[in-house]
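K.L.:
Got a structure for you, questions after.
The values are calculated or read from the model by the stated rules, or taken from the named source; none is laboratory data. Only a predicted model underlies this, so the values are computations on that prediction, with no experimental measurement involved. FYI the Cβ positions are ideal-geometry reconstructions off the backbone, even for glycines, and counts take in every protein chain you see. We work out accessible area using only protein heavy atoms, side chains counted, and drop any ligands, DNA or RNA first. Shrake-Rupley method; radii C 1.70, N 1.55, O 1.52, S 1.80 Å.
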Amino acid sequence: MDTVVVSIGGSILVPDDDDKDYIVKLAKMLNRISGKVRLFIVVGGGRIARYYIKLGRSLGADESYLDDIGIEVTRLNARMLIIALGESAYHVPAETFNEALSAAKNHPIVIMGGTHPGHTTDAVAAMLGERAGATRLINATSVNGVYTADPKKDPKAKRLKKVTFSQLIEICMKVEPGAGPNVVFDPLGAKIVARSGIKTLVVQGRDLAELEKAILGKPFDGTVVSGE
Ligand code: UTP
């Protein structure tokens, strides 16, 4: 059975736009396909993490402390998906890769949030992909693939259907530091999938039909990142 890690940004899971409706539908889809693939889901922090990070920074917190706050929010978001998934999911967000791998022995779906300061949940998903021997990693994000530039800012940005690992690294490194949510994939995550050759599929996460196809390894609308 294929092992699939899905990185879902908080901006996809809880953007404050029909969140309940989306989470219920996402959980139904994941439960329906959970017998076909071994599933690990890594949930991001989104706007709630950004709110607390900004507030904490204005109060004088250092960046690593703010990362810890971000990690706590990713785990709160992860709990929302755990509630919706019910019995099939490990009952808490796994806090380490070892915990996630142990939990996967008894649960078809295991959810994680962040782990350590200094990176984002995309990098967590990539590292978990290495540890779990993932067949593929799905980046469920707010754009429908990898573009030559940020499509929300640059009207000339072109969508790429296929990119190599080194092209992905180049595109992810181009973005100015601190821009967080505008990066299609965390540069550290990009380096990790590259070093282990983990096929990475970038898909619009709110489009559940396309997300399902990507998870199952079927042709989908988005970008495939691989060594070829
Ligand atoms: P996200 O993974 O959600 O970051 O983690 P993001 O890419 O900025 O946001 P979205 O969800 O895709 O919109 C939120 C914050 O939590 C901290 C970082 O500060 C990150 O920006 N974090 C998260 C860590 O420090 N370590 C982790 O492992 C995960």
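K.L.:
Could you please find all residues in the range 13-54 being within 13 Å of the ligand (Cβ to nearest atom) and open to solvent by 70 Å² or more (accessible area, probe 1.4 Å)?
P.N.:
16, 47, 50, 51, 52, 54 - these are the residues of the range 13-54 that are within 13 Å of the ligand (Cβ to nearest atom) and open to solvent by 70 Å² or more (accessible area, probe 1.4 Å).
K.L.:
Go through the residues of the range 196-205 one by one and say whether even a single one is at pLDDT 95 or above, farther than 13 Å from residue 144 by Cβ and part of a helix (DSSP H, G or I).
P.N.:
So far as the range 196-205 goes, yes, one or more of its residues are at pLDDT 95 or above, farther than 13 Å from residue 144 by Cβ and part of a helix (DSSP H, G or I).
K.L.:
Can you confirm whether residue 134 is of a type in the set (A, V, I, L, M) and either over 27 Å from residue 64 (Cα atoms) or more than 10 Å from the ligand (Cβ to nearest atom) (or both)?
P.N.:
For residue 134, the condition - of a type in the set (A, V, I, L, M) and either over 27 Å from residue 64 (Cα atoms) or more than 10 Å from the ligand (Cβ to nearest atom) (or both) - is met.
K.L.:
Another one. Just one of 57, 79 is open to solvent by 40 Å² or more (accessible area, probe 1.4 Å), closer than 25 Å to residue 204 by Cα and in a helix (DSSP H, G or I); which is it?
P.N.:
Of 57, 79, the one residue that is open to solvent by 40 Å² or more (accessible area, probe 1.4 Å), closer than 25 Å to residue 204 by Cα and in a helix (DSSP H, G or I) is 79.
K.L.:
Looking at (1) away from the ligand (no atom under 11 Å from the Cβ); (2) among the hydroxyl-bearing types (Ser, Thr, Tyr); (3) out of contact with any Phe, Trp or Tyr (no Cβ under 9 Å at 6 or more places or on another chain), which one does residue 142 not meet, given that it meets all the others?
P.N.:
(1)
K.L.:
Still on this structure: Considering only the range 60-69, I want to know if a residue exists there that is in contact with a strand residue (DSSP E or B) (Cβ under 7 Å, 6 or more places away or on another chain) and in a helix (DSSP H, G or I).
P.N.:
No, that holds for no residue.
K.L.:
Which ones in the range 1-47 are of a type in the set (A, V, I, L, M), closer than 13 Å to residue 212 by Cβ and free of Cβ contacts under 8 Å to residues at least 60 places away in the same chain?
P.N.:
Residue satisfying the conditions is 27 alone.
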